[in-house]
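Working notes for the structure below.
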Amino acid sequence: MLKRLNPFSRRKALQLGRCKSGVTIIEFALVAPFVLSIACYGVELAYLNTTDMKLSELALTLADNASRLGQTDNSAVTPTVTETDVNSVMLGAEEQGRTINIETRGRVILSSLERDATTGRQYIHWQRCLGDYNHQSAYGNDSTRNGLNGAVITGMGSGPTKIAASAGNAVMFVEIFYEYEGIFGEMFVENITMAKEGAFLVRDERNLTPGVTGTGGMYPCT
């Protein structure tokens, strides 16, 4: 047999039934996972876009710096590019990409695209690489697939119009491949390989015949 509540207990029960002090906490607990997910997704997209922008800037900066190698104020001397020169611009790229771990998660490929005087073909005269990410150039190398050996290279560039070198000049062409890993793993964005390109014509006269001279090269494409 149920006991009847005394007046005091009945009053407390009625007060508890009308109490709304915990509604906000309950609503927050229900909404918080959705709000947090949206916020984290926004952070992930911002990081992805920032990384994409940094890779684009890195490709253009390296191509620009490489196009200036060997410049000289002595008009009587046509400069060549040395291994020391190449080391300096590649080291600059390494420093520029340090915040996104370009050395361990990326592959930066610098190619000198030139026109062969004998055959008129486009070919890669020399090539240097930075980064541990195992990825080859989309266009060839400077030995077995340089355009004179292997398949013909009509030009370089992923756009509809290929970039080609004119006679006696060279194009400094940069490819970057980067293994993107999200801040939150693959929760919002799958791990992808990002690719960027940059190209600049050599700014001054350059003696292209010997390719890269000197010793001590630190960035072979192995």
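Values in this text are rule-based calculations from the coordinates and carry no lab data. Keep in mind the model is a prediction, meaning the values are calculated, not measured. Using ideal geometry, Cβ is built from the backbone for each residue, glycine included, and neighbour counts are taken over all protein chains shown.
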* Convert 20 °C to kelvin, take the viscosity as 1.002 mPa s, use the Kirkwood radius over C-alpha pairs of region 85-158 as Rh, and evaluate the Stokes-Einstein diffusion coefficient in µm²/s, rounded to a whole number. => 161 µm²/s
* Does a label point 7 Å from the Cα of Thr99, set along Cα-to-beta-carbon, have any residues of region 177-191 with amide nitrogen under 20 Å, and which are they? -> 177-184
* Structure fact -> In nanometres, the difference between 0.36 nm per residue of separation and the alpha-carbon distance of Ala117 and Ala138 is 5.2 nm
* **About the Cα centre, charge dipole magnitude for region 95-181 (Lys/Arg +1, Asp/Glu -1 at Cβ), debye** => 280 debye
* **Neighbour net charge for Phe188 - beta-carbon separation under 14 angstrom, K R +1, D E -1** => -4
* To do: Would you kindly calculate the translational diffusion coefficient of region 49-136, applying Stokes-Einstein with the Kirkwood radius from alpha carbon pairs, for 37 °C and a viscosity of 0.692 mPa s, and quote it in µm² s⁻¹ without decimals?
  => 226 µm²/s
* **Extended-chain gain in nm, criterion 0.36 nm per residue less alpha-carbon gap, Met187 and Ile26** => 55.3 nm
* Kirkwood Rh (inverse of mean 1/r, distinct Cα pairs), region 105-222, angstrom -> 15.4 Å
* For region 32-181, compute Rh as the Kirkwood radius over C-alpha pairs and then the Stokes-Einstein diffusion coefficient at 25 °C and 0.890 mPa s; write the answer in µm²/s, rounded to an integer. => 143 µm²/s
* In whole percent, what relative contact order does region 115-190 give with Cα contacts below 8 Å and a gap of six or more residues? -> 30 percent
